[in-house]
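What follows is a single structure, written as structure tokens, with notes after it.
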Amino acid sequence: MAVNYLITGGCGFIGRTLVERLVGRGDRVRVLDNLSVGTRNALPAAPAPVEIAVERLGKDWSPLELVVADIRDARATLAAAVGAEVIVHLAANTGVALSIDAPREDCEHNVFGVLNILEAARAHGVRRFVFASSGATLGDQPPPWHEDMAARPLSPYGASKLAGEAYCMAYSGSFGVESVALRFANVYGPRSDHKTSVVAKYLRRALAGEALEIYGDGSQTRDFIYIDDLVDAIEKATALPGLAGQVFQIGTAHGTSIVDLARMVAQEVAAQTGRDVPVLHASSLVGEVHRSVVDISKARRLLGYEPKVGLQVGLKRTLEYFLESMRPTRQEGSSEPKRYGAQRGLV
């Protein structure tokens, strides 16, 4: 039987992959997105998405709908949740650097935004609420990170995600909203070309003929999870019973140093394009966690989650996507291929 899913941030990197998965199996999906990062074109072409104004929303859903609104708008979030059975809350202000530059804006999106969505879920009796959280809630602690560690965020971003987790637990305990928080490790994969995450940034720089920049000595480690594996975890969290109030670390349980990542990217780019990719070092970043590897034993036990795509294979697939997206296309009378330039991002 088809299920009504409300996906906030559904036009973003993770959202568009999840939406495609859900509509492909016959579920009805309503996407709530302010289009600050993603675009309408991110949604699947079939079934054709129907864009609906907030004031026209109702309980009768089309197979795929788009609502252009902001999660900070309580009226819009309340209207968007009408008829929803499951909410996956992906929309957020993402990244440590942005939160340090503008901590109040980070709070408005990541705390008041999640509160609005939870209130909408409570008002409409939504049966399951899945919240996209982050390992940044734990700060810089010895890995592997697990769910029983005390949270010690180093950045406003980590603090705002921790607040979101706390509200999810409170709404499970006080109002019966079955909330599940998933702490995503470093997600990468096809369709991430607009992201400021390190894998996407390195691929853009390499394809633009620029050096891969490493902050500090490069010994910092990250747990890199391929997009399809992450979406598997989200799907399981939306459906399995008995998860109310739970928090899960979602990653691969394997750490990769930034130096090794840069080497792997350079080697893969050289193999597929013949280009030599230089690497340089810069000063360390404020608020950066040094070592990040997650313990996924709880997710394995309760979700039946198991990552399938290793980093070498995942990088190859991601680079192939980047190269394909650069192929010449005629847009507005031009046949110029898409060009990649460097963007700010954390490693």
From DSSP H assignment alone, runs of 4+ in the chain each adding -39500 (n - 2.57), the sum over residues rounded to the nearest 500 puts [θ] at 222 nm at -11000 deg cm²/dmol
Select one label from (i) 20.6, 64; (ii) 19.7, 58; (iii) 22.7, 75: the one whose number is Rg and Dmax of the Cα atoms in Å as derived from the coordinates shown.
(ii)
Between Tyr321 and Ser219, how many nm apart are label points set 7 Å from Cα along the C-beta direction?
3.3 nm
When DSSP assigns beta bridges and you keep just the ones with both residues in the chain, what percent turn out antiparallel, to the nearest 5?
5 percent
Can you tell me the orientation of helix 227-239 relative to the chain, as the angle in degrees between its alpha-carbon axis and the longest Cα principal axis, to the nearest 10?
20 degrees
Using mean Cβ contacts within 10 Å as the protection proxy, how do 122-130, 305-313, 292-300 order, highest first?
292-300, 122-130, 305-313
In degrees, nearest 10, the alpha-carbon axis of helix 113-124 is tilted away from the dominant principal axis of the alpha carbons of the chain by 30 degrees
Highest average packing first - 261-270, 142-151, Cβ atoms within 10 Å:
261-270, 142-151
Sticking with the crude label model, points 7 Å out along Cα→Cβ, report the distance from Ser62 to Gln267 in nm, one decimal please.
4.8 nm
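Classify segment 87-143 as rounded, prolate or oblate from the Cα gyration tensor: take a ≥ b ≥ c as the square roots of its eigenvalues, call it rounded if a/c is under 1.5, otherwise prolate when a/b beats b/c and oblate if not.
Here segment 87-143 falls in the oblate category.
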Mind ordering 44-52, 81-89, 32-40 by average Cβ neighbours within 10 Å, highest first?
81-89, 32-40, 44-52
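Since every read-out is calculated from the coordinates, none of them should be taken as a lab result. Predicted, not measured: the structure shown is a model, and the values here were computed from it. Every residue, glycine among them, receives a Cβ derived from its backbone with ideal geometry; neighbour counts consider all protein chains shown.
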